[in-house]
Amino acid sequence: MAVTLDRDEYILELDERFTSERLDLGRWVPHYLPHWTTPERSAARFDVGNGLLRLRIDLDQPEWREEDAGMRVSNLQSGTWSGPLGSARGQHRHVEWLSVVSPQPDRPLYTPHGGLVEADMRTVVDPTTMLAFWLIGFEKQSPDDSGEICVVELFGDSVGTETSALSIGVKAHHDPRLRDDMARVTLPLDATAWHTYSAEWDATRVRFYVDDDLVRAVDQGVAYPMQLMVDLFEFRPAATDGSYPKSGEVRAVRGYRRRR
């Protein structure tokens, strides 16, 4: 197994460097799973331009759902769709009782079936937040197509300037072909500095890299369309108002398809 990422096997097809002062809505939906909640609750708070995406959690930002007390999120995702109002059809139904509140159009902006994705990110040490980069099943053809490739989750209470524990792996959700296989990977890594987090996958396996070094391999894969999710979560409000806004930064997101 190669221990260093080889991009020569791939062709670049998504190259997002956040150079424009406006978010490219042909690539990104600036909401988190908007079908399960209302637009003002799903809307991302962010700054973009000059080669940087800064995701924010602001003091006045509403919770993603009223039922999810304490959880707020700013997210960009590369696709949406949903069933009709009141239905249970839509991506990432992570709890059984969710139903569609805000029906969404079919927007598969970037939904690769396999290949390589990566993001250049840095986070902050904050026990209330998590900066993450995922792939989730688009689910349009079947609710079984719901697996998640967790490229990286940077929990603010597990990262530091010398050593950081990264959450990396696969989550099955409603996909009966997959099993949950997540791990904490501890590295001599300053997660508050810029690093590249990558995953390459096909129908049989997923390999995870940090700064092009292999850090984890999972012997299960995904063959259906998946969408990108780049997000900053806050799981409970901070004790003092002066700590806002919370933030996490991304300076590039790239997607590649394998050469035939």
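The values are calculated or read from the model by the stated rules, or taken from the named source; none is laboratory data. Values in this document were obtained by computation on a predicted structure and should not be read as measured data. Virtual Cβ from ideal backbone geometry, glycine too; neighbours counted across all protein chains shown.
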Scope segment 66-88; condition farther than 30 Å from ASP15 by Cα and either in contact with a Gly (Cβ under 7 Å, 6 or more places away or on another chain) or crowded, with 18+ Cβ neighbours inside 10 Å (or both); matching residues: GLY83
Kindly indicate which of TRP64, TRP28, TRP81, TRP36 is closer than 21 Å to LYS246 by Cβ and touching a residue at least 40 places away in the same chain (Cβ under 8 Å). TRP28
Filter result for GLU67 (closer than 30 Å to ASP6 by Cα and either at pLDDT below 95 or outside any loop (DSSP other than H, G, I, E, B) (or both)): no
Looking only at segment 95-139, and only at residues there that are farther than 30 Å from LEU5 by Cβ and at pLDDT below 95, the one that is surrounded by the most Cβ atoms within 10 Å (Cβ to Cβ): THR128
Output for segment 32-45, where each listed residue is buried (at least 22 other Cβ atoms within 10 Å of the Cβ) and not β-branched (Val, Ile, Thr): TYR32, LEU33, PRO34, HIS35, TRP36, SER42, ALA44
Scan segment 207-223 and report the pairs whose first residue is among the hydroxyl-bearing types (Ser, Thr, Tyr) and whose second residue is assigned to a strand (DSSP E or B), with Cβ atoms within less than 7 Å and a gap of 6+ or a chain change. TYR209/SER198; TYR209/VAL215
Can you confirm whether ARG54 is modelled with pLDDT under 95, of a type outside the set (Gly, Ala, Ser) and crowded, with 16+ Cβ neighbours inside 10 Å? no
Which of (1) without any contact (Cβ under 8 Å) to a residue 12 or more places away in the chain; (2) in contact with a strand residue (DSSP E or B) (Cβ under 8 Å, 6 or more places away or on another chain) is the odd one out, the single condition VAL95 does not satisfy? (2)
Neighbours by Cβ (under 9 Å, 6+ apart or cross-chain): first from segment 3-23, more than 18 Å from VAL250 (Cα to Cα); second of a type in the set (A, V, I, L, M, F, W, C): VAL3/LEU214; THR4/LEU214; LEU5/LEU116; LEU5/LEU214; ARG7/LEU116; GLU9/LEU116; TYR10/LEU116
Just to be sure, is TRP97 outside any loop (DSSP other than H, G, I, E, B), aromatic (Phe, Trp, Tyr) and under 18 Å from TRP64 (Cβ atoms)? no
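Yes/no matrix, rows are residues, columns are (1) under 25 Å from PRO34 (Cβ atoms); (2) modelled with pLDDT of 95 or more; (3) in contact with a His (Cβ under 6 Å, 6 or more places away or on another chain); (4) in a strand (DSSP E or B):
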{"position": "ALA183", "(1), (2), (3), (4)": "no, yes, no, yes"}
{"position": "THR186", "(1), (2), (3), (4)": "no, yes, no, yes"}
{"position": "ALA191", "(1), (2), (3), (4)": "no, yes, no, no"}
{"position": "THR204", "(1), (2), (3), (4)": "no, yes, no, no"}
{"position": "TYR209", "(1), (2), (3), (4)": "no, yes, no, yes"}
{"position": "GLN220", "(1), (2), (3), (4)": "no, yes, no, no"}
{"position": "VAL230", "(1), (2), (3), (4)": "yes, yes, no, yes"}
{"position": "GLU249", "(1), (2), (3), (4)": "yes, yes, no, yes"}
{"position": "TYR256", "(1), (2), (3), (4)": "no, yes, no, yes"}
Of (1) outside any helix (DSSP H, G or I); (2) on the phi < 0 side of the Ramachandran plot, GLU40 satisfies every one except (1)
